[in-house]
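Engineer: Handing you a structure now.
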């Protein structure tokens, strides 16, 4: 009997310890994420994405919390040694229970699906954020292991730095001059892949000024960890000054300079170019469509044709 | 030196101390096994009774041995990654990027293809024929070929540690990165060929079990009397048959790209990497369910037996299994919502994914309701089941979040995703397999595993899991991408250190598993399973002796109820001696399966290193062996009625000495199957 008692004691102790550890971990984690980029967004896209996250977690608690309670209560109360508990060894079917366990998750899924459709359309990275505003056009080119951002309207280009005026939508068209990459600025919104020979799009907007990190998150080789950049969300005046600074750089991004830049390199410092080879972005897409007459550079497979 | 293809002395891992030590451990481990077999004079037994065996129970045991060895190897990779990330804030850590990238690639490859898959095949082999009251699987020889092809793949995995470098393209091998233009060398070829070869073995396992469950059931064992584990293996077999060809084709095309100048998935020349990604996940998502459904089956068996109660909602659980199986083919695109599909496409696949959570949720509730008004006995398999129930729903929650495309845009490629799928695969798949391992171990070896060490292992696993993976959820919300070999954001480090501590606790869990095995073998005399029914079980595998006779059932059982064995015990017809025995036709042991496996491994190695003469020779050996085997009419032998009688007499003599019910001493024991069940 002593042995048995010791065993049940250990079970209690271990379970309590486990719950305590889990709670502590949740607490620590909970505090830490509050100022992380996902839960503390700086733009409307990321904010809506976060709110959807909160809503979905909340609705699913309808299922999760009963599971936790049942798991704890049932394992405690219906332990074999508790002879007071009712024991019905042949209880294996009960219509009301079946209806509940199928219908409640199904109802939650219906709720989720409605929100999913609405938000997937609303937050489609290809959709312009505010049709009434003219977005800043940026062309992003993934290279090993850096990002080149071309501002065709301003005839400038910059390596590893993305500047944008606060409150103005930015429309980024994306391609890759190497393997598959994925462009993300967590504080502003979700990611989209960058693929050679194809063009993808990301529409973002920053509500606040500040510096937010962005990077490639699709593993792309040995320099992957270093493939990051700063996003500068600036006032209109600061942004204009930034454009002016780039224009003063005196370095032009012609074909030869581009070839040199595109070679694999890591930790490339922010570099400004003034005067970009016309049609550079399209040229990089089309250089991979050799032998593929079906694929038009502007309407590649990754481009939606809605 | 054309004869060695592109294999040179530089392929040996003397360029790095860590790589060289990994190779040394692998080589010494191999030598230790050979030495041990020699020391114990066991070569004869190993050769005649094991590697040449076509007995599904022995094949099952060999599969599980392979899985446990690979689990260890995969864990070492995990520990190395956790250690690197714990220290690599603003510094390079101790692993250069090239090495770190090989480690995360091999970790995933090993855990999916050479830990989980063999574990699953092993449990199925061990149990399914016995659960359906069959003497064997439908194709015993093909079963042996499956085992040895899987082992050949695992062998290539281990060899890649010693000769050449492994892939750095991750376990998914996405092109164009995995193409020859960006990743020359043998690494990706190792990955491709091992997956390709092992994939053939798995496909054959799927075919074998589908046919076995369809055609080899005992009289009266209708589909809706099948135990849940068999049901899940049935659906898993269907999924294997439909899903694995997609992987084989994707790998085959990438092999052509890399080695023969094709352009299926290259950047230029008309290639398109998106086709690979679709094909890969067309296999990859059903694969998730291939892995987890049998684990669900184990949980269903365990929760019923250790709650000493009928399984709640059998029909619901079966329907849910079928629903998951069908839906698993409709969701693959959720692995790449961020590849630029339209909102319409993403919404469809997102919705299908959330729908899968319905049958899964139903299962969770049915297991909980099985415990309701039961008398729960907390044996290690049951602990793993309870741990699974609580932990799995957290993974389900994060899974549904990732199924919402807008959230996936945020969380894709972050450690949130890593935490999510580990949350499904460790508590879901691995806990299930470990529960199955501890639950069915007595059936395989005739003695029970030590409970104390099993319990310790469970607590280490579950506490370690929480500490290792909850921080990864947090890191995902902090934006940390997966596969970072160093980083510059200081806020990430505390969580990575916590994850490292968790990995350390999981290591204690692994050590406890090893200790459990050693202690159990040494103290087996105190834990013998004399009746063949150590847990007061309900399904037919407990009707055989432990370990079961080569033919499983001397007389095929007549099934009259869903809980066939429990029903027999209730009706008082269990352990009844038949009036007479009959001759039993058995398949003969053969080396042909081993030869095909070894030749398959040699073929893979030769193809990786471009030793084409050797590759073609190995291929010729495979074809020759198949022709030889196919034309060999002398592949069966008859076990005579008197031989059967001798074995069965010994079994009944043992039963006479055995306690009436091995669970009767349990404090929580609720009583045995009696004609009038107490309610």
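Engineer: Ignore the peptide's own chain and count Cβ atoms of other chains within 10 Å of each Cβ in B:43-52; give me the average, rounded.
Structural biologist: Mean shielding count: 0.
Engineer: Please arrange B:420, B:486 by how many other C-beta atoms lie within 10 Å of their C-beta, fewest to most.
Structural biologist: So the ranking, lowest neighbour count to highest, is B:486, B:420.
Engineer: Within chain A, what percent of beta bridges assigned by DSSP are antiparallel, to the nearest 5? It would help to have the intermediate numbers written out before the result.
Structural biologist: Details: 30 of 43 bridges.
DSSP beta bridges in chain A are roughly 70 percent antiparallel.
Engineer: Once the Cα atoms of helix A:2-33 and of chain A are each reduced to a long axis, what angle between those two axes, in degrees from 0 to 90 to the nearest 10, is obtained?
Structural biologist: 30
Engineer: As an exercise, find the ratio Rg/Rh for chain A from alpha-carbon atoms, using the Kirkwood inverse-distance average for Rh.
Structural biologist: Rounded to two decimals, Rg over Rh is 1.16.
Engineer: I would also like to ask the following. Return one number: the angle in degrees, 0 to 90 and rounded to the nearest 10, between the long axis of the Cα atoms of helix B:451-477 and the longest principal axis of the Cα atoms of chain B.
Structural biologist: Between helix and principal axis, roughly 30 degrees.
Engineer: Between residue B:490 and residue B:98, what length in nm is gained on full extension when 0.36 nm per residue of separation is reduced by their alpha carbon distance?
Structural biologist: Separation in residues times 0.36 nm, less the Cα-Cα distance, equals 138.8 nm.
Engineer: Something else about it: Ignore the peptide's own chain and count Cβ atoms of other chains within 10 Å of each Cβ in B:394-401; give me the average, rounded.
Structural biologist: Partner Cβ neighbours, averaged per residue: 4.
Engineer: Given a Förster distance of 51 Å, report the FRET efficiency between residue B:664 and residue B:215 from their Cβ-Cβ distance, rounded to the nearest 0.05.
Structural biologist: Details: r = 38 Å, r/R0 = 0.75.
For residue B:664 and residue B:215, the calculated efficiency is 0.85.
Engineer: Using per-residue counts of other Cβ atoms within 10 Å, averaged over each peptide, order B:268-274, B:653-659 from highest down. Before the final figure, lay out each step's value.
Structural biologist: Numbers: B:268-274: 20.3, B:653-659: 12.0.
Packing order, densest peptide first, comes out as B:268-274, B:653-659.
Engineer: When the label point is put 7 Å from the Cα of residue A:122 along its Cα-to-beta-carbon vector, which residues of the stretch B:403-430 have a backbone N closer than 18 Å?
Structural biologist: Residues passing the 18 Å test: B:403-411.
Engineer: Still on this structure, I have one more. Can you give me the relative contact order of the stretch A:136-286 as a percent, contacts being Cα pairs under 8 Å and 6 or more apart? The partial results should precede the final answer.
Structural biologist: Values: 372 pairs, mean separation 45.6, N = 151.
30 percent.
Engineer: Relative contact order for chain A: what percent, with Cα pairs under 8 Å and sequence separation of 6 or more?
Structural biologist: Values: 489 pairs, mean separation 55.9, N = 306.
Relative contact order for chain A comes out at 18 percent.
Engineer: Nearest 0.05, what FRET efficiency do residue B:25 and residue B:610 give at R0 = 22 Å with Cβ-Cβ as r?
Structural biologist: According to the calculation, E is roughly 0.20.
Engineer: At what distance in nm do the modelled label points of residue B:91 and residue B:515 sit from each other, each positioned 7 Å from its Cα along Cα→Cβ?
Structural biologist: 3.3
Engineer: Let me ask something else. How big, in percent, is the set of alpha carbon pairs in the protein assembly as shown lying more than 49 Å apart? Walk me through the intermediate numbers first.
Structural biologist: Numbers: 121706 of 484620 pairs.
In whole percent, the long-distance tail amounts to 25.
Engineer: To check you understand DSSP bridge types, tell me what percent of the beta bridges within the stretch A:136-286 (both residues inside) are antiparallel, rounded to 5. Write down the numbers at each step before the final one.
Structural biologist: Numbers: 30 of 43 bridges.
Approximately 70 percent, going by the DSSP bridge assignments.
Engineer: Next up: Grab the Cα-Cα distance for residue B:319 and residue B:10, subtract it from 0.36 nm times how many residues apart they are, and report the gain in nm with one decimal.
Structural biologist: Value of the extension gain: 105.7 nm.
Engineer: Can you give the average number of partner chain beta-carbon atoms within 10 Å of each beta-carbon in peptide B:374-384, as a whole number?
Structural biologist: Counting other chains' Cβ atoms within 10 Å and averaging over B:374-384 gives 4.
Engineer: Round to the nearest 10 and give me the degree value, 0 to 90, for the angle of helix B:273-306's Cα axis relative to the longest principal axis of chain B.
Structural biologist: 30
Engineer: Fewest to most neighbouring Cβ within 10 Å: what's the order for B:563, B:451, A:259?
Structural biologist: A:259, B:451, B:563
Engineer: Then there is this: In deg cm²/dmol and to the nearest 500, what is the mean residue ellipticity at 222 nm of chain A if only DSSP H runs of at least 4 residues count, each as -39500 (n - 2.57), divided by the residue total?
Structural biologist: Calculated at 222 nm, the ellipticity per residue is -13500 deg cm²/dmol.
Engineer: On to the next question. Given the rule -39500 (n - 2.57) for each run of at least 4 DSSP H residues, summed and divided by the residues of chain B, what is its mean residue ellipticity at 222 nm, to the nearest 500 deg cm²/dmol?
Structural biologist: One gets -21500 deg cm²/dmol as the mean residue ellipticity at 222 nm.
Engineer: For an R0 of 25 angstrom, estimate the FRET efficiency from the Cβ-Cβ distance between residue A:245 and residue A:48 and round to the nearest 0.05.
Structural biologist: Efficiency, from the Cβ-Cβ distance: 0.15.
Engineer: Hey, another quick one. Can you put B:92, A:161 in order, fewest other beta carbons within 10 Å first?
Structural biologist: Arranged by neighbour count, lowest to highest, B:92, A:161 become B:92, A:161.
Engineer: Points 7 angstrom from Cα along the Cβ direction at residue B:43 and residue B:640: gap in nanometres?
Structural biologist: 3.4
Read-outs throughout are calculated quantities, based only on the coordinates presented, and are distinct from any laboratory measurement. None of the values given here were measured: they were computed from a predicted structure. Quick reminder, even Gly has a Cβ in these numbers, built from the backbone with ideal geometry, and neighbours come from all protein chains shown.
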